[in-house]
Amino acid sequence: MQLEVLKSKIHMATVTDGDVIYEGSMTVDENLMDRVGLLPYEKILVGNMANGNRFETYVIPGERGSGCIVLNGATAHLGKRGDRITVMNFAYMDSEEAKGWTPRVVVLNEDNTIKAERGI
């Protein structure tokens, strides 16, 4: 049996910008992507703590060390600069692997620097 489990999470990220004209996706500081093991164009689920919106998109790398979290395309309508969001992605694994699995999680400060981490 295959289970879908949390692979990684960036918690309490602060949206730094939005670009409705961009063709789509969400831009994330590449250092944060690396820290939780997110790959370019990987599917993500985003939850906006400010307004309750949840949406799926894919991630693209942003400038390393910039702290950028940018909502692009249609997702720019689902949040605004300053909103706190959680970025999650999932992986399929068999039940034996899932029993010992620990997701990679970072919790961010308001400036998108890492406050805490686990599973890393």
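Before moving on, here are some points about what is shown:
- Total residues in segment 24-52, condition not charged (D, E, K, R) and not in a strand (DSSP E or B): 15
- Of residues in segment 67-115 being among the acidic types (Asp, Glu), touching a residue at least 40 places away in the same chain (Cβ under 8 Å) and surrounded by fewer than 17 Cβ atoms within 10 Å (Cβ to Cβ), the one farthest from residue 29 (Cα to Cα): 94
- Residue 9 being closer than 19 Å to residue 103 by Cβ, surrounded by fewer than 18 Cβ atoms within 10 Å (Cβ to Cβ) and not acidic (Asp, Glu): no
- When segment 12-59 is filtered for residues that are of a type in the set (A, V, I, L, M), surrounded by 16 or more Cβ atoms within 10 Å (Cβ to Cβ) and touching a helix residue (DSSP H, G or I) at 6+ places or on another chain (Cβ under 7 Å), the ones remaining, listed by number, are 26, 59.
- Hits in segment 75-120 - residues which are farther than 10 Å from residue 13 by Cβ, part of a strand (DSSP E or B) and not acidic (Asp, Glu): 88, 89, 90, 91, 92, 93, 104, 105, 114, 115, 116, 118
Quick note: the coordinates plus some simple rules give every number you see, no bench work behind them. Note that the structure is a prediction, hence the values are computed from the model and not measured. We place every Cβ from the backbone using ideal geometry, glycine too, and count neighbours over all the protein chains shown.
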